[in-house]
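Working notes, structure below.
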Amino acid sequence: MHQISKIKGFTDLIWPEVSKYTYMEDTARAVFSAYGYREIRVPVLEKTELFARSIGEETDIVQKEMFTFPDRKGRLLTLRPEATAGVARAYLDNTMYSREQTTKVFTFGPMFRYERPQKGRQRQFHQVNAELFGTHSPQADAELIAMLWRYLHQLGLTNLELHLNSLGCPQCRPEFSRRLQEFLATQPTQDLCPDCQRRQHTNPLRILDCKVPGCQKSAEQAPKIGDHLCAQCQVHFDSVQKVLQACSIPYVLNSRLVRGLDYYQRTTFEVISRDIGAQSAVAGGGRYDGLVQQLGGPACPGIGFACGMERLALLMDYPPESGPDFYLAVLDPTALDQGQILALGLREQRFQGEVSFEAKGPKSQLRLANKLKARFCLLLGAEELKNKTIVVKDMQSGDQRTWPQSDLPAALGFNS
RNA sequence: GUGGGUGUAGCUCAGGAGGUAGAGCACUUGGUUGUGGCCCAAGUGGUCGCGUGUUCAAGUCACGUCACCCACCCCA
């Protein structure tokens, strides 16, 4: 019989790797709740239309990266490729906008994109996500970015770069796109890659972050969106930067930072690591003031970010190495039951440890205790069973002595 | 979707120009050591990813196929 293997791009998270994920989640809860964010959990499966309408019909994500299939009644469903659309939908479905002026939520969980797997990229991957609805204030942009920065710092990550840009708004961006197209028209067409020759007409902003050398050269000389923001966008962007500076959050302006989801406007940002291979963006986000309305809700601004947990995991040194408090080594089969009873008592006192399920000689038992990095090895043989004692050995110093079983917790060097 | 790389023991990998599978680590047992760590000895463990072909003979050559990895692309 052949084994059934996992499907491409889907991975099992096993220990110790999985402990990084619980740590990221626990840390997110701790940090985000200090900023007033509450947890939200939304479905993994949504109507395809939700993503088509929010992320953008023409984006790569919608065009070729979604897991989409009909349900038993022929309705098109899609495994979420990102979290914001679903959270925005939930915000509307639950009329959360009517409960309070601003709503702060965070979530985490699996996302799905049909891409070729590589380092830092899986078909099922995980994100930590935060969204803030209901305010236009640039202070909110800065607070959200500061929270993200704080979170990454709390995870012990350094050597990260925060890239910042403004994409303008529906007032000023069309004008900039037109100027960009005009500029591109003056460039020799063959300098652009085939993709960009198409984008030139459909989505010219995307050319700015194309990595093909010819396109980069053109992009360098191209007009910058920062020079073409409308007055309100300029004021907004300046304010965001002012707060970030005041909070001592280091960032670099990157006029070529263009996000691949259509709903972003004004502030956008990305956190980059140079230490994890080609997929270097560990977090990204921005303002999406038009999104809620686009989904059929009231005009309601919003801003949010997502962190790629797989990519953060590549940077994390976790869990710290540590062994159990004790290993209870049973030397004689007749003592197996008593071993369990004694371990139960220790565990009730919050000591952490293992009991052997089978009796073995002292030599192999001590080898095992050593391998487990247990602090104490407790040896229980036929003689100890009879005398109601147990041998306690400190694995580090090698010291050992015989203790009454009734007083075992004290033997591990703790009082109560 | 497009490139490139890799698939041999539980793990990391050797196997020059085809001749019936190797090392280190790990594991088991024993010796030594004050009952563990160091050292020594023995032992368990492999349809060489899968299939077809060439050949007297294929881990080794050819073709195909699958899987994984890295990169493009895209993004977190």
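Computed from the coordinates by the stated procedures, all read-outs in this text should not be read as laboratory data. Fair warning: this is a prediction, and the values are worked out from it, not measured in the lab. Ideal geometry is used to build each Cβ from the backbone, glycine not excepted, and the neighbour counts take in all protein chains shown.
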Largest-first ellipsoid semi-axes for segment A:201-351, taking √(5λ) over the Cα gyration tensor eigenvalues, angstrom: 53, 21, 16
Selected from A:94, A:228, A:174, residue furthest toward positive end of dipole (chain A; charges at beta carbon): A:174
Between helix A:17-34 and chain A: long-axis angle, C-alpha atoms, 0 to 90°, nearest 10: 60 degrees
Most positive-pole-ward Cα, A:293, A:151, A:7, against dipole of chain A from beta carbon charges: A:7
Share antiparallel - DSSP beta bridges, segment A:265-416, percent rounded to 5: 70 percent
Reduced Cα scattering model of segment A:287-328, Debye log10 I(q)/I(0), q = 0.17, 0.30 Å⁻¹: -0.68, -0.99
Tilt relative to chain A, helix A:231-246 - C-alpha long axis, 0 to 90 degrees, to 10: 30 degrees
Residue A:159-residue A:402 pseudo-label distance in nm [points 7 Å out on the Cα-to-Cβ vector]: 5.5 nm
Reciprocal mean inverse distance between Cα atoms of segment A:132-183 - Kirkwood radius, Å: 13.9 Å
Dipole magnitude (debye, nearest 20) for segment A:1-60, charges at Cβ of Lys, Arg, Asp, Glu: 200 debye
Positive-end residue, chain A charge dipole about Cα centroid, Cβ charges, pick of A:194, A:120, A:326: A:194
Set of aspartates and glutamates near residue A:386 by C-alpha distance (under 14 Å), chain-local residues within fewer than 8 positions excluded: A:332, A:337
Whole-Å semi-axes of segment A:85-229's equivalent ellipsoid (Cα gyration tensor): 33, 22, 17
Helix A:138-154 axis, angle to chain A major axis (alpha carbon atoms, nearest 10°): 30 degrees
Rounded D (µm²/s) - segment A:34-138, Kirkwood Rh over Cα pairs, Stokes-Einstein at 25 °C, 0.890 mPa s: 164 µm²/s
Dipole magnitude of chain A about its Cα centre (Cβ charges: Lys, Arg +1; Asp, Glu -1), debye to nearest 20: 620 debye
Volume per residue that the Cα convex hull of segment A:160-230 spans, once the total is divided by residue count, Å³: 97 Å³
Net charge of Cβ neighbours under 13 Å - reference residue A:392; Lys, Arg +1; Asp, Glu -1: -2
Along chain A, longest interval not containing exposed GluC sites (Glu not before Pro), exposed being DSSP loop plus at most 10 other Cβ atoms within 10 Å: A:101-320
Greater than 29 Å apart at Cα, pairs in A:8/A:104; A:20/A:371; A:360/A:388; A:47/A:217: A:8/A:104; A:47/A:217
Segment A:320-348 and segment A:9-52: distance between their alpha carbon centers, rounded to Å: 35 Å
Chain A: translational diffusion in µm²/s, Stokes-Einstein, Kirkwood Rh over Cα pairs, 10 °C, 1.306 mPa s: 63 µm²/s
Cut-off under 5 Å, modelled amide H: who pairs with residue A:390 long-range: A:403, A:405
Rounded to 5, the percent of DSSP beta bridges in chain A classed as antiparallel: 80 percent
Translational diffusion of segment A:275-410, µm² s⁻¹ [Kirkwood Rh, Cα pairs; Stokes-Einstein; 37 °C; 0.692 mPa s]: 175 µm²/s
Net charge dipole size for segment A:160-310 [Lys, Arg +1 and Asp, Glu -1 on Cβ; Debye, nearest 20]: 200 debye
